Amino acid sequence: MNIKSLLLGSAAALVAVSGARAADAVVVAEPEPAEYVRICDVYGAGYFYIPGTETCLRIGGYVRYDIGVGDVGTFTGAGTVDVEDGDEQDTYWKRARFALKTWTGQETELGTLKTYTETRFNFRNTQGDTAPLLNEAYDRGVSLNFAWIQLGGLRVGKDESAFDTFIGYAGNVMNDTLVPYGGFDTNVVQYYFDAGNGFSAVVSLEQGYGDFTIDSYIPHVVGGVKWTQGWGAITGVIAYDANYEEVAGKVRLDVTPMENLSLFIMAGYGTDDNYLDGGFAIPAAGRGMYKLWSGNWAVWGGGTYTINEKTSFNTQISYDEGKNLGVVANIAYDIVPGLTITAEAAYFHVGEDTVSNWTGAEEEDNFGGILRFQRSF
């Protein structure tokens with residue numbers, strides 16, 4: 001082997017080694033498969049799978065702005081004073097609210113596992129204070145309105161009373177409690193039964209709220225049955241107030257006589273022998289957690305007429321044995337999908353005495369109105 005052959009062999013070896021290293025340098029590892037968010041259509045629109053789980057999640061809520069004038073119901077015009085001369089005068093009652101809602105769903109061997117939460121953030125006028133100087137607008141804090149867990153038919157957590165939710169609210173109006181139809185906020189242990197043929201039932205053990213919170217280990221108890229068909233529904237609920245050993249009940253008829261018209265009528269009756277006459281822990285005479293109306297009986301009726309795909313007319317009339325009368329009507333218009341403006345007018349006639357009505361109105365005849373803007377998502 002001469003020097004020339006040795007040099008040629010060495011050069012060939014170097015080229016081979018360099019080529020192998022160059023090939024190794026451009027080899028790229030296969031990327032890990034990415035897990036994209038998947039749509040979950042099992043529980044309705046808006047749900048998606050939480051990545052890495054079989055739990056479906058939906059996030060929603062609304063942003064709302066209310067302008068109230070007059071002297072009717074919760075959304076009343078507010079009293080204030082002129083900052084220059086100190087004269088008492090009326091002003092707007094306003095509220096801005098952001099509500100955040102979440103829903104989850106997952107199928108398990110024991111049935112569907114669901115949760116629901118709703119948290120509300122408010123900025124509004126002081127409400128219910130007697131001194132006009134206290135009518136400031138400021139952050140009214142945060143409220144947890146719903147936070148419950150449900151597995152199959154069993155529900156536990158923060159909800160509204162089945163005395164209202166199972167039988168239904170009193171119409172699609174904002175001032176629906178001029179004659180109140182039951183207390184709302186409460187912790188619950190509930191069981192729902194649905195036969196699948198239109199018959200359903202509920203039993204609910206409830207803690208109450210505020211002055212209506214239970215005063216021992218014995219809970220308030222609510223039971224209800226419902227029969228639903230294509231024409232509408234018949235529902236009945238009965239409640240036991242554990243604090244005062246009183247009973248209240250409501251029956252309701254819902255009908256849909258035509259595609260764009262729905263009507264309801266609801267009647268309530270409650271005993272009140274053990275309620276203190278304005279005594280300890282009672283905000284007004286003869287009232288408990290469920291029988292909040294004046295006297296033993298009360299009635300509510302109303303309906304919704306869909307004028308077109310964007311506009312609906314809603315109304316409600318309510319009356320109780322204490323001769324309190326409420327008449328409310330509104331027009332709701334969808335400006336664009338998800339944005340609704342509602343204009344409502346209300347009249348409230350105070351009955352036998354000023355403490356017999358829930359609103360605190362002192363005039364015999366009271367008028368008011370609300371303009372609401374709401375963006376729902």
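The values are calculated or read from the model by the stated rules, or taken from the named source; none is laboratory data. Since the model is a prediction, treat every value here as computed from it, not as a measurement. Neighbour counts run over all protein chains shown; Cβ positions are idealised from the backbone, glycine included. These accessible areas exclude ligands, DNA and RNA; they are computed on the full protein's heavy atoms, side chains included. Shrake-Rupley method; radii C 1.70, N 1.55, O 1.52, S 1.80 Å.
In the set (1) in a strand (DSSP E or B); (2) more than 20 Å from GLY295 (Cβ to Cβ); (3) of a type in the set (Phe, Trp, Tyr), the condition left unmet by TYR217 is number (1). If you go through region 63-93, how many residues are crowded, with 17+ Cβ neighbours inside 10 Å and either among the acidic types (Asp, Glu) or modelled with pLDDT of 75 or more (or both)? Number of matching residues: 8. Does any residue of region 202-209 turn out to be buried (at least 19 other Cβ atoms within 10 Å of the Cβ), part of a loop (DSSP other than H, G, I, E, B) and touching a Phe, Trp or Tyr at 6+ places or on another chain (Cβ under 6 Å)? No.
Of the residues making up region 177-189, not one is farther than 17 Å from LYS250 by Cβ, of a type in the set (S, T, N, Q) and open to solvent by less than 50 Å² (accessible area, probe 1.4 Å). Taking every residue in region 211-225 that is in contact (Cβ under 8 Å) with a residue 40 or more places away in the chain and buried (at least 16 other Cβ atoms within 10 Å of the Cβ) and pairing it with any residue that is among the acidic types (Asp, Glu) and part of a strand (DSSP E or B), at least 6 positions away or on another chain, the pairs with Cβ-Cβ distances below 9 Å are PHE212/ASP241; HIS220/GLU206; HIS220/ASP241; VAL222/GLU206. With respect to the conditions (1) open to solvent by less than 70 Å² (accessible area, probe 1.4 Å); (2) modelled with pLDDT of 90 or more, ARG287 lacks only one, and its number is (2). For the condition part of a strand (DSSP E or B), surrounded by 15 or more Cβ atoms within 10 Å (Cβ to Cβ), touching a Ser or Thr at 6+ places or on another chain (Cβ under 6 Å) and modelled with pLDDT under 95, THR104 does not qualify.
For region 86-98, filtering for residues that are in a strand (DSSP E or B) and over 18 Å from LEU371 (Cα atoms) leaves 2. The set of residues in region 41-62 that are among the charged types (D, E, K, R) and either at pLDDT 95 or above or in a strand (DSSP E or B) (or both) contains only ARG58. I'm trying to understand the selection: among the residues of region 231-253, which are closer than 19 Å to GLY302 by Cα and either open to solvent by 30 Å² or more (accessible area, probe 1.4 Å) or not in a strand (DSSP E or B) (or both)? Within region 231-253, TRP231, ILE234, VAL251, LEU253 qualify. ILE167 fulfils the conditions (1) part of a strand (DSSP E or B); (2) over 14 Å from the mean Cα position of the chain (by Cα); (3) over 14 Å from ALA242 (Cβ atoms) except for a single criterion, (1). Given the structure, is ARG38 charged (D, E, K, R), at pLDDT 95 or above and surrounded by 10 or more Cβ atoms within 10 Å (Cβ to Cβ)? Spelling it out, it is not the case that ARG38 is charged (D, E, K, R), at pLDDT 95 or above and surrounded by 10 or more Cβ atoms within 10 Å (Cβ to Cβ).
Taking region 309-371 as the region of interest, the strands (runs of 3 or more DSSP E) fully inside it that hold 2 or more residues being open to solvent by less than 70 Å² (accessible area, probe 1.4 Å) and without any contact (Cβ under 8 Å) to a residue 40 or more places away in the chain are 325-336, 339-349. Residues of region 122-164 that are in a strand (DSSP E or B), of a type in the set (A, V, I, L, M) and modelled with pLDDT under 95: ALA137, VAL142.
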